[in-house]
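**Student:** Please see the structure below; I have some questions.
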Amino acid sequence: MNFNIPLLKPIRIILFPFSLIYYAVIYIRNRLFDNKILSTSSFGLPIICVGNIAVGGTGKSPMVEFLLRNLGNKYNLATLSRGYKRKTKGYVLADANTNALDIGDEPMQFHLKFPGVAVAVGEERILAIPQLLHDRKDTRAIILDDAFQHRAIQAGYNILLTEYANLYTRDWYLPTGDLRDEKSSVKRADLIIVTKCPADLSQSEAEAIRKELNPLPEQQVFFAGIRYGNLYHIIHHLPYQVTGDIEVLLVSGIANPRPLKKLLADQSQTYEEMAYSDHHIFTIDDMKEISRRFEQMTGKLKIILTTEKDAVRLVKFEQELKDIPLYVIPIEMEFLFGDTDRFCRLIGTFIEQFSAAAKPTDE
């Protein structure tokens, strides 16, 4: 159930007592880690955690892709995710025969876009990391995807994301709000990124948000937006140029489709939406319903549009899709205020300094 639907928001208010129970549970858990009653483990190589303290789409996947795109040529990187809604169990390292059911949609997306990167999944990350390092001995650094709450591993560098339209400072705990961890946990982050910002965000508004977040003196704060790429066909990968008179059927199973819906509202004549739950595994019946809805659209110029994350779960229907105008829209994270180089330098410095400190010295 998507509690972000306006009509369901009153239900979230009714559930407020359960939020107090939830908060008590995460408070006790964090204190157990803080007081070393529950133990954490560290590893002898740079580990970068990308995460948040809220459920929903804050842009973790685009952030991981940004790191792979901008640092992958300099360092041998690997990614480790839980592999949500995959059909396998335990540790899995992606190879040429892997599909989304094996490792999950987001790891599969990383695997397809960055074939030189080791992409692994495992529910127990503390067990998966040694296996990953055994399988890929040349790994220089590991990016932990969505692991800020996974305190059993002590990451060397924590990148925390919070969405511009739903800052953690204005949120509350599940199920009344979207927070899944204490607000005070933000102090464990080395760097905070406000994601999905409007492209025209002003310096004064950014400064107001920075003051609201009230970071620690040593914490860096960045602002980032979304850049949409050129459409391409899901099977043939041929490009497609959108025109203003096009009618679009949006098919999405992602946590936060709001930015994409705004783009369609601005750039297409009209659009319809078929919304599925986050990480939805599409069936042949879904494909039939999508085709039926598409045929009912009356526009002379019409296409079906989906996200890269959804595409890796749809591409299994290759025979059904090869003659259908179903196009994929890629997205990338981009830093505002010309901060790309500064961000990359921070991450690169962490990797270099950690590696230098961990390197054995001759006696």
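**Student:** Can you tell me the dipole magnitude for region 230-329 around its Cα centre, using point charges on the Cβ only (Lys, Arg +1; Asp, Glu -1), in Debye to the nearest 20?
**Tutor:** About 120 debye.
**Student:** Another one. Please report the antiparallel percentage of DSSP beta bridges with both residues in region 230-329, rounded to the nearest 5.
**Tutor:** The antiparallel proportion sits near 20 percent.
**Student:** Distance in nm between label sites at Lys262 and Phe43, each 7 Å beyond Cα in the beta-carbon direction?
**Tutor:** Here the modelled spin labels are 3.6 nm apart.
**Student:** For region 230-329, state the semi-axes of the equivalent ellipsoid (square roots of 5 times the eigenvalues of the alpha-carbon gyration tensor), sorted largest first and rounded to whole angstrom. Before the final figure, lay out each step's value.
**Tutor:** Numbers: eigenvalues 69, 48, 37 Å².
The equivalent ellipsoid of region 230-329 has semi-axes of 19, 16, 14 Å.
**Student:** What do you get for the angle between helix 340-358 and the principal long axis of the chain? Use alpha-carbon atoms, 0 to 90 degrees, nearest ten.
**Tutor:** The two axes meet at around 40 degrees.
**Student:** Along the charge dipole of region 1-136, which of Asn73, Leu132, Phe18 sits closest to the positive end, that is, farthest toward it, with unit charges on the beta carbon of Lys, Arg, Asp and Glu (+1, +1, -1, -1)?
**Tutor:** About the Cα centre, the residue reaching furthest to the positive side is Phe18.
**Student:** Here's something else I'd like to know. Long-range amide H contacts for Leu249: which residues qualify at under 5 Å (H placed 1.01 Å from N, peptide plane, sequence gap of 5 or more or a different chain)?
**Tutor:** Residues meeting the criterion, in which the H sits 1.01 Å from N, are Glu272, Ile303, Ile304, Leu305.
**Student:** Measure nothing but the geometry: give the 0 to 90° angle between the long axis through the Cα atoms of 125-135 and the longest principal axis through the Cα atoms of the chain, rounded to 10°.
**Tutor:** Helix 125-135 and the main axis of the chain meet at about 90 degrees.
**Student:** Give me the distance in nm between label points sitting 7 Å out from Cα along the Cα-to-Cβ direction at Leu216 and Gln353, one decimal.
**Tutor:** Distance between the two pseudo-spin positions: 1.4 nm.
**Student:** As a test, work out the antiparallel percent of DSSP beta bridges whose residues both lie in the chain, rounded to the nearest 5. Don't jump to the answer; show the numbers that get you there.
**Tutor:** Numbers: 13 of 55 bridges.
Counting DSSP beta bridges with both partners in the chain, the antiparallel share is about 25 percent.
**Student:** Give me Thr139, Thr195 sorted ascending by neighbouring Cβ count inside 10 Å, so fewest comes first.
**Tutor:** By the 10 Å Cβ count, ascending: Thr139, Thr195.
**Student:** Label-point separation (nm) for Leu167 and Ile13, each offset 7 Å from Cα along Cα-to-Cβ?
**Tutor:** So the label points at Leu167 and Ile13 sit 2.4 nm apart.
**Student:** For Arg170, Arg125, Arg151, Arg29, what ranking results if the residue with the fewest other Cβ atoms within 10 Å of its Cβ goes first?
**Tutor:** Arg170, Arg29, Arg151, Arg125
**Student:** Please report the relative contact order for the chain, taking Cα pairs under 8 Å with a sequence separation of at least 6, and give it as a percent rounded to a whole number. Before the final figure, lay out each step's value.
**Tutor:** Numbers: 611 pairs, mean separation 71.6, N = 363.
Dividing the mean separation by the residue count of the chain yields 20 percent.
**Student:** Report the full-extension gain for the segment Arg31 to Thr340: residue separation times 0.36 nm, less the Cα-Cα distance, to one decimal in nm.
**Tutor:** In short, 107.7 nm is gained.
**Student:** Any idea what the dipole of region 75-201 comes to, in debye rounded to 20, about its Cα centre with Lys/Arg Cβ at +1 and Asp/Glu Cβ at -1? Provide the component values of the computation, followed by the final result.
**Tutor:** On the way: 17 positive and 17 negative charges, 44 e Å.
About 220 debye.
**Student:** Further question on the same structure: Could you work out how far helix 16-34 tilts from the main Cα principal axis of the chain, as a 0 to 90 degree angle to the nearest 10?
**Tutor:** Taking the Cα atoms of the chain, the angle to 16-34 is about 40 degrees.
**Student:** In addition: Taking 1 over the mean of 1/r across every pair of different Cα atoms in region 121-260, what Kirkwood radius in Å do you get?
**Tutor:** In region 121-260 this quantity evaluates to 18.6 Å.
**Student:** Right, something else. Please work out which option in [x] 1.03; [y] 0.97; [z] 1.19 gives Rg/Rh (Cα atoms, Kirkwood Rh) calculated from these coordinates, and answer with its label.
**Tutor:** [y]
**Student:** Something else: Along region 233-248, what does the Karplus equation 6.51 cos²θ - 1.76 cosθ + 1.60 (θ = phi - 60°) give for ³J(HN,Hα), rounded to whole Hz, x for Gly and Pro?
**Tutor:** Couplings: 5, 4, 9, 7, 6, 6, x, 9, 9, 6, 10, x, 9, 8, 10, 10 Hz.
**Student:** Which of the lysines could a cross-linker bridge to Lys187, judged by Cα under 16 Å and excluding same-chain residues fewer than eight apart?
**Tutor:** Lys211
**Student:** Tell me which of Gly244, Pro259, Leu305 sits at the most positive position along the dipole axis of region 230-329, charges placed on C-beta atoms (Lys, Arg +1; Asp, Glu -1).
**Tutor:** Value computed over the given set: Pro259.
**Student:** Just want the ordering: Leu191, Leu231, from fewest to most Cβ atoms lying within 10 Å of their own Cβ. Before the final figure, lay out the partial values.
**Tutor:** On the way: Leu191 20, Leu231 17.
Listed from fewest to most nearby Cβ atoms, that is Leu231, Leu191.
**Student:** Give me the dipole magnitude in Debye, nearest 20, for the chain about the Cα centre, with unit charges on the beta carbon: positive for Lys and Arg, negative for Asp and Glu.
**Tutor:** Computed about the Cα centre, the dipole is about 660 debye.
**Student:** Now a separate question. For a 18 Å ceiling on Cα separation, which of these pairs sit above it: Lys137/Lys309; Lys137/Lys359; Lys196/Lys261?
**Tutor:** In this structure, Lys137/Lys309 exceed 18 Å between Cα atoms.
Since every read-out is calculated from the coordinates, none of them should be taken as a lab result. Because the structure is a prediction, the values reported are computed rather than measured. Note that we place each Cβ from the backbone using ideal geometry, even for glycine, and neighbour counts take in every protein chain shown.
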